[in-house]
Amino acid sequence: MSNSRTPPPTFPPHLNPQILDRRPSATLTINERSTRLAQAGRKIYRFGFGQSPFPVPAPVIAALQANAAQKDYLPVRGLPALREAVADFHRRRDGLTATSDDVLIGPGSKELMFLAQLAYHAELVVPTPAWVSYAPQAEILGLPVQWLPTRKEDGWRLQPEVLAAHCQANPHQAHLLILNYPSNPTGLTLRADELQALAEVARQYRVVVLSDEIYGELHHTGAHISLARYYPEGTIISSGLSKWCGAGGWRLGTFVIPPSLDWLREAIAVVASETFSTVSAPIQHAAVTAFAGGAEIEHYLFQARRIIRALGSWISRQLQAAGVDVAAPEGGFYLFPDFTPQQAVLRAKGIENSLDFCERLLEETGVVLLPGTDFGRTSAELTCRLAYVDFDGARTLAAAEAIPDQEELSERWLREYCGSVLIGVETLCEWLR
Ligand code: PLP
């Protein structure tokens with residue numbers, strides 16, 4: 001037994017070299033930092049962390065309450081009724097022929113993606129900019145990562161020729177391509193013709209595509225199309241409750257893996273059985289209600305889309321008027337502004353790259369953005385991600401009820417219900433001047 005005067009014993013840090021110099025995920029870190037600054041009394045415009053502002057829909061909460069006593073371990077692949085509800089959701093939404101056998105349920109899609117990368121020994125191919133965790137997961141596993149360039153003029157969308165050139169140059173390498181649309185960080189999405197063209201290249205080179213469609217239901221006009229429509233045999237659809245159902249903290253992710261990739265599905269299930277075992281039983285039972293859908297959930301989605309559409313459009317117009325290069329978002333709640341047109345003003349302030357930009361902006365104005373470097377962009381580029389979620393989602397959903405369905409939400413309405421977002425964006429524009 002040690003007493004208070006004896007120092008505790010220390011242990012030499014025998015860390016796995018793959019995680020030796022790694023830092024925690026950029027988005028989770030910025031969230032904790034923003035919370036600390038806000039607790040210290042600073043006014044913070046929280047555009048860093050991309051959590052859905054909306055509450056979990058009422059029928060889904062009621063289902064969770066009704067299932068609070070569910071206490072048994074469930075099957076590794078997921079509750080059969082939930083796997084069927086997820087398959088049915090994709091049949092309805094995406095016109096697929098998925099069955100419950102194709103579905104895996106995991107504790108967040110992030111964990112399922114990690115297991116997919118662990119199971120499929122392939123090179124990770126990912127367009128830049130891309131969500132923060134794909135490449136670190138591959139690096140932790142010691143797998144090669146190939147970033148593919150995209151251009152702002154193409155809306156940061158992966159061009160089929162770029163994918164084809166990479167596959168052609170590496171014909172003996174197995175590739176796992178992760179595509180994410182509507183995109184975090186750009187807010188832009190892929191159209192049917194673009195999906196078709198990418199599907200053709202993927203088919204030609206037998207690329208397995210992990211299609212991260214977690215923001216699909218938050219397409220601003222509800223017009224999301226799954227890649228699996230054009231490439232059913234090689235597409236894994238990744239989704240879950242975190243974004244469209246406002247339930248990030250519930251930790252429930254879904255994979256739909258076609259029969260042609262059953263070996264991969266089985267391998268992921270084996271690792272799942274030796275690691276997380278199964279997702280929390282009450283959450284899985286409640287998720288059946290979420291994926292079953294119905295009028296109330298459709299209405300919730302209608303209002304949520306309307307709010308993020310109006311807000312995204314207002315912000316992009318505001319930034320464009322201040323000379324910032326940014327496209328209006330098409331889905332989800334992100335924008336990816338490029339501040340290169342302001343380079344001269346920024347240089348005069350001693351700002352050379354996106355990291356300096358975010359640090360100084362936070363310090364001087366309380367506006368939190370994430371630097372483009374967190375999404376695989378070069379440090380010299382002045383791109384950043386803006387997550388426009390700093391508003392009370394429950395209050396906005398309730399207030400939107402008073403506005404006729406066919407009307408767009410006005411600036412006045414946005415100022416009343418999403419005031420902090422508007423002031424934060426105006427503060428940013430003012431600072432740029
Ligand atoms: N994919 C994208 C693009 C995301 O933005 C997120 C969460 O921020 C995830 C996947 C992970 O979601 P979850 O693990 O909550 O299902």
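The values are calculated or read from the model by the stated rules, or taken from the named source; none is laboratory data. Not measured: the values here are computed from a predicted model. Backbone-built Cβ (ideal geometry, glycine too); neighbour counts: all protein chains shown. Each accessible area value is taken on the protein alone, full model and side chains, heavy atoms only, with ligands, DNA and RNA left out. Shrake-Rupley method; radii C 1.70, N 1.55, O 1.52, S 1.80 Å.
Just the residues that are within 16 Å of the ligand (Cβ to nearest atom), of a type in the set (A, V, I, L, M) and not in a strand (DSSP E or B), please, taken from the stretch 226-249. Before the answer, list the steps.
Of the stretch 226-249, the ones within 16 Å of the ligand (Cβ to nearest atom) are 226-227, 235-249.
Narrowing the set further to residues that are of a type in the set (A, V, I, L, M) leaves 227, 236-237, 241, 247.
Matches in the stretch 226-249: Leu227, Leu241, Ala247.
Residues that are touching a residue at least 24 places away in the same chain (Cβ under 8 Å), within 11 Å of the ligand (Cβ to nearest atom) and either in a helix (DSSP H, G or I) or more than 22 Å from Gln117 (Cβ to Cβ) (or both): does the stretch 250-264 have at least one?
yes
Considering the stretch 143-188 alone, what residues qualify as being open to solvent by 30 Å² or more (accessible area, probe 1.4 Å), in a loop (DSSP other than H, G, I, E, B) and in contact with a helix residue (DSSP H, G or I) (Cβ under 7 Å, 6 or more places away or on another chain)?
Across the stretch 143-188, the qualifying residues are Pro149, Arg157.
Which members of the stretch 210-225 meet the condition of being within 11 Å of the ligand (Cβ to nearest atom) and assigned to a loop (DSSP other than H, G, I, E, B)?
Glu213, Ile214, Tyr215
From the list Val288, Val324, Val270, which residue is in contact with a Cys (Cβ under 9 Å, 6 or more places away or on another chain) and of a type in the set (A, V, I, L, M)? Walk me through it before giving the result.
Working: Val288 fails: in contact with a Cys (Cβ under 9 Å, 6 or more places away or on another chain); Val270 fails: in contact with a Cys (Cβ under 9 Å, 6 or more places away or on another chain).
Answer to the selection: Val324.
With (1) within 16 Å of Val76 (Cα to Cα); (2) within 16 Å of the ligand (Cβ to nearest atom); (3) without any contact (Cβ under 8 Å) to a residue 40 or more places away in the chain as the list, and Gln284 as the residue in question, which single condition is left unmet?
Failed condition: (3).
Only one residue in Ser52, Ser34 is within 16 Å of the ligand (Cβ to nearest atom), in contact (Cβ under 8 Å) with a residue 60 or more places away in the chain, over 19 Å from Ala292 (Cα atoms) and in a helix (DSSP H, G or I). Which one?
The conditions single out Ser34.
Quick one: Ser354 ticks every box in (1) polar (S, T, N, Q); (2) closer than 22 Å to Pro149 by Cα; (3) open to solvent by 10 Å² or more (accessible area, probe 1.4 Å); (4) touching a Ser or Thr at 6+ places or on another chain (Cβ under 7 Å) bar one, so which box is it?
The single condition Ser354 does not satisfy is (3).
Only one residue in Leu163, Leu176, Leu198 is within 16 Å of the ligand (Cβ to nearest atom) and of a type in the set (A, V, I, L, M), so which one is that?
Within the list Leu163, Leu176, Leu198, the selection yields Leu176.
Starting from the stretch 108-129, keep only residues that are on the phi > 0 side of the Ramachandran plot, then list their pairs with residues that are assigned to a strand (DSSP E or B) and within 12 Å of the ligand (Cβ to nearest atom) whose Cβ atoms are within a distance under 9 Å, requiring at least 6 positions of separation or different chains.
Cβ pairs passing all conditions: Gly108/Gly240; Gly108/Gly253.
Restricting the first residue to the stretch 355-377 and requiring it to be over 14 Å from Asp338 (Cα atoms), which pairs with a second residue that is part of a strand (DSSP E or B) and open to solvent by less than 10 Å² (accessible area, probe 1.4 Å) meet a Cβ separation below 6 Å and a spacing of at least six or different chains?
Leu361/Val367; Leu362/Val368
Keeping to the stretch 315-333, report how many residues are on the phi > 0 side of the Ramachandran plot and surrounded by fewer than 23 Cβ atoms within 10 Å (Cβ to Cβ). Write out each step before concluding.
Going through the stretch 315-333, the residues on the phi > 0 side of the Ramachandran plot turn out to be 323, 332.
Restricting the remaining residues to those that are surrounded by fewer than 23 Cβ atoms within 10 Å (Cβ to Cβ) gives 323.
The total comes to 1.
Would you be able to say whether some residue in the stretch 358-368 is part of a strand (DSSP E or B), crowded, with 20+ Cβ neighbours inside 10 Å and β-branched (Val, Ile, Thr)?
Yes, some residue in the stretch 358-368 is part of a strand (DSSP E or B), crowded, with 20+ Cβ neighbours inside 10 Å and β-branched (Val, Ile, Thr).
Considering only residues that are in contact with a Lys or Arg (Cβ under 8 Å, 6 or more places away or on another chain) and not hydroxyl-bearing (Ser, Thr, Tyr), which ones fall in the stretch 77-100?
Arg77, Arg83, Asp94, Gly95, Leu96, Ala98
Out of all the residues in the stretch 107-133, which are near the ligand (Cβ under 8 Å from one of its atoms), of a type outside the set (A, V, I, L, M) and outside any loop (DSSP other than H, G, I, E, B)?
Correct list: Ser109, Lys110, Glu111.
So, in the stretch 211-266, exactly how many residues are among the basic types (Lys, Arg) and under 19 Å from the mean Cα position of the chain (by Cα)? Working first, answer last.
Taking the stretch 211-266 as the starting set, the residues that turn out to be among the basic types (Lys, Arg) are 229, 243, 251, 265.
After this cut, where a residue has to be under 19 Å from the mean Cα position of the chain (by Cα) as well, the list is 243, 251.
Count: 2.
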